[in-house]
Amino acid sequence: MGFSANAQQHTHGQGQLLISQDGTEWHMQLILPAADSLGFEHVPETQAQKNKIESLAKKLQENAAVIEVDGRCALIKAAHSLVNQHGDELHKNHEHDNEQDHHDIEVEYQFSCKDAITQVYVKIFETMPSLNAIELQWLLENSQGMLTLTRSHPYIEW
Ligand SMILES: [Zn+2]
């Protein structure tokens, strides 16, 4: 099982969310432009920018106001691409002298659920005002499809 998502896509204001189910395990991968997540896509230069990366990393790690699911689920794993406050991971494999450089931030969650999830609510719109849409793809045991989530419709129900 896999997704055919275009990982190279990078449009400011737009993110991607991939949801898959394997029995009681649910996997979610969220990809957001750094421009919308942090307000910049370059190497952090000021202490304020480093602080911003650190606080986003904490928010993603804890899934605080990122993705809300119903059902009796436990978040058993969270991983994101913001490895440290210096942003090294964000910029590895990139040259930085080109102002056209773009960067995405990725976060992956794994939930273990006693009940099947019937609603996923993306809360991150609330704290990222420039984020307008998230292209959602899901691949569940009895359902698969695509939907564009927006600020006015930030959820999917199955
Ligand atoms: Zn960009």
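The values are calculated or read from the model by the stated rules, or taken from the named source; none is laboratory data. All of these numbers come straight from a predicted model, not from anything done at the bench. Backbone-built Cβ (ideal geometry, glycine too); neighbour counts: all protein chains shown. The protein model used for the area step is the full one, side chains on, heavy atoms only, and it has no ligands, DNA or RNA in it. Shrake-Rupley method; radii C 1.70, N 1.55, O 1.52, S 1.80 Å.
Considering the stretch 7-50, the residues that are of a type in the set (G, A, S) and outside any loop (DSSP other than H, G, I, E, B) include one that is farthest from I156 (Cα to Cα), namely A48.
Checked against (1) open to solvent by 60 Å² or more (accessible area, probe 1.4 Å); (2) away from the ligand (no atom under 16 Å from the Cβ), H12 passes all but a single condition, namely (2).
Can you spot a residue in the stretch 134-146 that is surrounded by fewer than 20 Cβ atoms within 10 Å (Cβ to Cβ), closer than 21 Å to H10 by Cα and polar (S, T, N, Q)? Yes; the residues of the stretch 134-146 include at least one that is surrounded by fewer than 20 Cβ atoms within 10 Å (Cβ to Cβ), closer than 21 Å to H10 by Cα and polar (S, T, N, Q). Filtered by the rule that a residue be within 12 Å of the chain's Cα centre (by Cα), buried (at least 17 other Cβ atoms within 10 Å of the Cβ) and either modelled with pLDDT of 95 or more or within 14 Å of the ligand (Cβ to nearest atom) (or both), the stretch 81-115 gives D104, I105, V107, Y109. It is to be established whether one or more residues within the stretch 42-64 are touching a strand residue (DSSP E or B) at 6+ places or on another chain (Cβ under 7 Å), within 16 Å of the ligand (Cβ to nearest atom) and at pLDDT below 95. The answer is no, given that none of the residues of the stretch 42-64 is touching a strand residue (DSSP E or B) at 6+ places or on another chain (Cβ under 7 Å), within 16 Å of the ligand (Cβ to nearest atom) and at pLDDT below 95.
Picking from residues in the stretch 65-80 that are assigned to a loop (DSSP other than H, G, I, E, B) and within 21 Å of L149 (Cα to Cα), the one that is modelled with the lowest pLDDT is G71.
Could you list, in sequence order, the residues of the stretch 120-133 that are open to solvent by 60 Å² or more (accessible area, probe 1.4 Å) and in a strand (DSSP E or B)?
Y121
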